[in-house]
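Written below as structure tokens is the structure these notes are about.
The values are calculated or read from the model by the stated rules, or taken from the named source; none is laboratory data. Computed from a predicted model, the values in this text were never measured in an experiment. Neighbour counts run over all protein chains shown; Cβ positions are idealised from the backbone, glycine included.
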């Protein structure tokens, strides 16, 4: 059986990678519109309603507009934008975080943000397991490749003719402490308060590290690194795309490169700990354009179509 898929906004970074992942699949037919009419609302509405699945690789306002254009009850939507991640009626598209069955049954799925994927993967099992209280003042440090910022940030690092071009090797951003991923992290990790999120971008295209530092000695019950690792390992046991690296392997590492999982739909979770100080660094490694965007969109598309979720990944 062939399923029809329309990628609204396929010219963008995420859209291009989704199309690349689908191009070789014989069970998927891409719904096309004339490139000259890609901003024509009637043409887009026709394509959206013709598709079995519409994937919205669009800015938030455009994604809301596109979702409103879908009137065909058989058309399912996967939205990689921020627009619907905490919206009523939408299912959060993170299968490994307990949403798999809901995604299979849903007609409206919102992809997690790239940073959010790593942060929620680390925090949700610990909050649910009682190791980290929901009221804990969580801090999240992260660095991403510049592709995570879309066309504007890509131009900033690649286009020497752009007035925003910079040759800095690394910079922090979201200094107003209101990054768009914070609300979904708070909700889906089960936190009572917004986490303190400190993102940064490096001079490389893709790949990311998301880190949650934890003073284990100060947490209620002073959980050990073994307990923290066990909670993560139990949460993701049997998952094909999420690996919890053993404490022994983590202890043997001298460094961790953000590009190590590029062009995959995989994510690795690490617990780096010092038993003497009672401190730990929980780290998620993933491709911001893979498991953090296009790979996750294809995984969710597979689920809503009733297919093996790893098809094409």
Exercise for the section: Could you check residue 260 against (1) under 24 Å from residue 100 (Cα atoms); (2) under 17 Å from the mean Cα position of the chain (by Cα) and say which number it fails? Expected result: (1)
Exercise for the section: Assess whether residue 257 counts as being assigned to a loop (DSSP other than H, G, I, E, B) and over 29 Å from residue 86 (Cβ atoms). Expected result: yes
Completion exercise
Being at pLDDT 95 or above and farther than 30 Å from residue 248 by Cα narrows 139, 135, 161 down to just 135
Fill in the blank from the handout: Taking region 200-215 and keeping residues crowded, with 22+ Cβ neighbours inside 10 Å and either closer than 16 Å to residue 174 by Cα or modelled with pLDDT under 95 (or both) leaves 201, 206, 210
Exercise for the section: Considering only region 166-199, state which residues are modelled with pLDDT under 95 and assigned to a strand (DSSP E or B). Expected result: 170, 171, 172
Exercise for the section: Could you please give the count of residues in region 127-154 that are part of a helix (DSSP H, G or I), in contact (Cβ under 8 Å) with a residue 60 or more places away in the chain and out of contact with any strand residue (DSSP E or B) (no Cβ under 8 Å at 6 or more places or on another chain)? Expected result: 6
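Quick one: which of 33, 55, 18 is farther than 20 Å from residue 294 by Cα and surrounded by 16 or more Cβ atoms within 10 Å (Cβ to Cβ)?
Numbers: 55 fails: farther than 20 Å from residue 294 by Cα; 18 fails: farther than 20 Å from residue 294 by Cα.
Answer to the check: 33.
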Exercise for the section: Determine whether region 214-225 contains at least one residue that is assigned to a strand (DSSP E or B) and within 23 Å of residue 114 (Cβ to Cβ). Expected result: yes
Exercise for the section: Determine whether residue 313 is assigned to a loop (DSSP other than H, G, I, E, B) and outside the structural domain of residue 201 (by TED's automatic domain parsing). Expected result: yes
Practice task
Go through (1) within 30 Å of residue 207 (Cβ to Cβ); (2) in contact with a helix residue (DSSP H, G or I) (Cβ under 8 Å, 6 or more places away or on another chain); (3) surrounded by fewer than 22 Cβ atoms within 10 Å (Cβ to Cβ) and name the single condition residue 8 misses.
Solution key: (3)
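Find the residue count for region 74-108, including only residues that are touching a residue at least 24 places away in the same chain (Cβ under 8 Å) and either under 18 Å from residue 123 (Cα atoms) or assigned to a helix (DSSP H, G or I) (or both).
Residues of region 74-108 that are touching a residue at least 24 places away in the same chain (Cβ under 8 Å), as a first pass: 75-86, 92-98, 100, 103-104, 106-108.
Among the residues that remain, those that are also either under 18 Å from residue 123 (Cα atoms) or assigned to a helix (DSSP H, G or I) (or both) are: 85-86, 92-98, 100, 103-104.
Of the residues in that region, 12 qualify.
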